[in-house]
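Structure, as structure tokens:
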Amino acid sequence: MKKIFNIIFLLCLLQTSVLAQTTEGEETPAPPPPDAVESVRIEGERVNITADDGQKITGIFKSSGDSSKYVVLVHDLGKNKSSFNKFSKALLSRGVGYLAIDLRGHGQSASPEHYSHFQKEGINNQFNRMYKDINIAVTYLKNRRIDPENIFVLGTGLGANVTANSIVFNTDIGGFALITPTTNVRDVLTIPGVKIAKQPILIAVAPDVRKNFLESSLIRNVAFNTQGPGKVTFLTAYNKEGVEMMDSYLSGHIIQWILTPVLPEIKNDSLPIINEEEQPTELTL
């Protein structure tokens, strides 16, 4: 009896050891990166497009209602198209359509490589190729017979820099909105594109982050020197950045800019100017 008990005891120890080894050998699956998780799904139909270098880009397209205007929405570093959930609803409420994309390396466009593996420096790194993602998004809208003058591109953070980088390739569209742009993100520069822009440009930033405000102001000055009055709109908010700043303070102003991106010409004073020689003589009593 004692021998049987010892055998059962040894078998139990062996089984426990095997289970422990199996558990230790299993790799815990890594959690998905934050940009791969869409907390909400913005309204519209899913589209799959391919940039000219073969990168697959996923987006959400929603047709406009009363307006013929459309916006390509370009998210910030480490985010995805769902970050425009609130702003996309504001667009639809004003009859403006949109195509919100996941930039390469982000969200549903993260195959074959996640952006965390991209080189951070170099004029030909993957971040500097993201303008191709915007180009194919604009082409997609054009293929839907949307007038190029009614197509706008809006980017936030890194997406703002990429948007500026795409200006040279999209000279026939309606305008570009740069939300919290800086002069350099991952070697994606804004000023070269802004210097050659002929279309209306909107720049928005809050002063609570001094670096962002100063660099956005510099970008505004470059745009103004290139374009002159009327085509450059500069918006400021109390605080926050990117979509959070838009959603809190500026969405209505930005949508109005999309609808009327060029400021009206300043009219001359309608009252006649009287020369000094023509001024009436004072009467003396």
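Bear in mind these aren't lab numbers, they're just calculated from the coordinates by the rules spelled out. Not measured: the values here are computed from a predicted model.
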Amide H to amide H, which residues 5 or more places from Gly175 or on other chains are under 5 Å from it, using H placed in the peptide plane? Val153
Scalar couplings 3J(HN,Hα) for region 127-135 by Karplus 6.51 cos²θ - 1.76 cosθ + 1.60 (θ = phi - 60°), nearest whole Hz, x for Gly and Pro, are 5, 6, 9, 5, 4, 5, 5, 5, 4
Amide H of Ile203 versus every other amide H placed in the peptide plane: which residues, excluding those fewer than 5 positions away on the same chain, fall under 5 Å? Leu178, Thr233, Phe234, Leu235
For region 161-176, Karplus-derived ³J(HN,Hα) couplings (6.51, -1.76, 1.60; θ = phi - 60°; whole Hz; x for glycine and proline) come out as 5, 5, 4, 4, 5, 8, 4, 4, 9, 9, 7, 10, 8, x, x, 9
Looking at region 44-259, send over the antiparallel percent of its DSSP beta bridges, to the nearest 5. 35
For region 69-80, Karplus couplings with θ = phi - 60° (6.51, -1.76, 1.60), whole Hz, Gly/Pro x: 7, 9, 10, 8, 9, 10, 7, 7, 4, x, 10, 8
